[in-house]
1. Just to verify a result, which residue in region 1-30, among those that are modelled with pLDDT under 85 and exposed (fewer than 13 other Cβ atoms within 10 Å of the Cβ), is nearest to residue 73 (Cα to Cα)?
2. Would you say residue 79 is surrounded by 21 or more Cβ atoms within 10 Å (Cβ to Cβ) and either touching a residue at least 40 places away in the same chain (Cβ under 8 Å) or within 17 Å of residue 104 (Cα to Cα) (or both)?
3. Given the options 18, 22, 36, name the one that is free of Cβ contacts under 8 Å to residues at least 12 places away in the same chain and within 27 Å of residue 164 (Cα to Cα).
4. Name the residue, out of 57, 77, 34, that is farther than 30 Å from residue 134 by Cβ and among the small types (Gly, Ala, Ser).
5. From the set of residues in region 145-170 that are out of contact with any helix residue (DSSP H, G or I) (no Cβ under 9 Å at 6 or more places or on another chain) and part of a helix (DSSP H, G or I), which is nearest to residue 35 (Cα to Cα)?
6. Kindly provide the set of residues from region 84-105 that are at pLDDT 80 or above and touching a helix residue (DSSP H, G or I) at 6+ places or on another chain (Cβ under 8 Å), ordered by number.
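The values are calculated or read from the model by the stated rules, or taken from the named source; none is laboratory data. Keep in mind it's a predicted model, so treat the numbers as computed, not measured. Cβ placement follows ideal geometry from the backbone for every residue including glycine, while neighbour counts extend to all protein chains displayed.
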Amino acid sequence: MQFSGARVASFVVPLGLGLLLGVTGPMAEHGGGGPGAAAGAVFNGGWPWAGYAFLVGYFRRSKIESVVLAPVGLAIGVVAYYMTKGNLASLGGMDSSGAGSSGIALWGVLAFLFGAPLGLLGNLARVPGIGGLFFRLLIPVVAFYETSMRLEMESRGPSQVVLGTWTTVRFTAVAVAVALVSHTVWGWWRPRRGRPAGVGAD
């Protein structure tokens, strides 16, 4: 079986994005400063990882490819995360807790356990209209819930930059959810608005 360059790229790109996801969090933390703290607060959270697996499934036409690529990409990201974290910790200026093989093993297993269903849910979110709306709302809901819990439980520890980042993510999640619902309702209602009275009635 021969694969075209575009077909190969369609597999390589999502896996490469998983690698980038894993590297970004530790690199942002290591960079320091306000931007680094904000980026670290975002990419070290759980919702971007869930969002990555979800979007991998969303942009695949095949459910099988969604279920396979999402967890593989997450696993690549996990390995990249802990390897980057360990290497930066050896250079100093960064916490190395959990950066060993045990962290890779634990989160690697979780990547496969959660990556496959998230990829499938992302694929189901491709269903147009109200049928796919509840799936499309998954990541905004996860982002809102996670950041709300962090703000409630860790409000005294993190810096104001981190707290501000979590607050921004929470409000953005609400805005995205409202936009998704509005777009779906408008798409459902618009064809019916221009339909002449009595059309479709028995």
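1. Here the answer is 7.
2. It is false that residue 79 is surrounded by 21 or more Cβ atoms within 10 Å (Cβ to Cβ) and either touching a residue at least 40 places away in the same chain (Cβ under 8 Å) or within 17 Å of residue 104 (Cα to Cα) (or both).
3. Going through 18, 22, 36 in turn, just one is free of Cβ contacts under 8 Å to residues at least 12 places away in the same chain and within 27 Å of residue 164 (Cα to Cα): 36.
4. 34
5. 160
6. 84, 85, 88, 104
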